[in-house]
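Just so you know, all these numbers are worked out from the coordinates, no wet-lab data involved. Just so it is clear, the structure is predicted and the values come from calculations on it, not from any experiment. Counting neighbours? That spans all protein chains shown, and the Cβs are built from the backbone with ideal geometry, glycine included.
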Amino acid sequence: MRVYVPLTLPGLAEAHKAGELGPAPLPAYAVTPALREWYGSDDVEELEYAALGRAAAASLRMLAGDPGAPRKRVVVAVDVNDRVVSAVTGPQTDEDAVGRVGLDGPVRLAVAAAVHVDAPDAEADVTAAVSALAAADAGDADALAAVDGAEDHDLLWFGVQEIPGLLR
């Protein structure tokens, strides 16, 4: 099963130094029945892209909790055995929870399929989105538009061997 692990650049640096994503339980996103229902498609590629988008949104929230982190969303795509993936219990009515899963153990970074990171030109929109999250959560239309501005940027694809360059 492919899962998408949201991080920040400092989190990616820690994972790179440790050689693994962890510790468990590790939050991630995947194509789940709830995501299929929420997204309304049976196209696997579209569903994988939606799971990546959910992880990017979670990365944005992580950035809000780390004022010193560079304003780039980071998502690591990893193929794992289904046995190490746990469904997240609780209501799936919260849009942020759609597609959320947990990984029951650490995952070696070397086996990651890809690392997805914002391009430099997304930084202003990501910064604005982080600043607007609280107001967006309260329903402010302008703040919601700012958060959507970050979502308009596709994350770039990088191989695991390119992580050192991303951390400079």
Residue-wise HN-Hα coupling along the stretch 29-38, computed from phi with Karplus coefficients 6.51, -1.76, 1.60 (Hz; x: Gly, Pro): 10, 8, 6, 10, x, 5, 5, 4, 5, 5
Among A69, A51, A150, which one shows the highest mean-square fluctuation when the chain is modelled as a Gaussian network with alpha-carbon springs under 10 Å? A69
Find out how many positive minus negative residues lie around G165, taking Lys and Arg as positive, Asp and Glu as negative, among other residues whose Cβ is under 15 Å from that of G165. 0
Could you tell me the center-to-center distance, by alpha carbons, between the stretch 72-88 and the stretch 24-45 in angstrom? 11 Å
The summed charge of the V85 Cβ neighbourhood (under 13 Å; Lys/Arg +1, Asp/Glu -1) stands at 0
What is the dipole size for the stretch 2-166, taken about its Cα centre, with +1 at each Lys and Arg Cβ and -1 at each Asp and Glu Cβ, in debye to the nearest 20? 760 debye
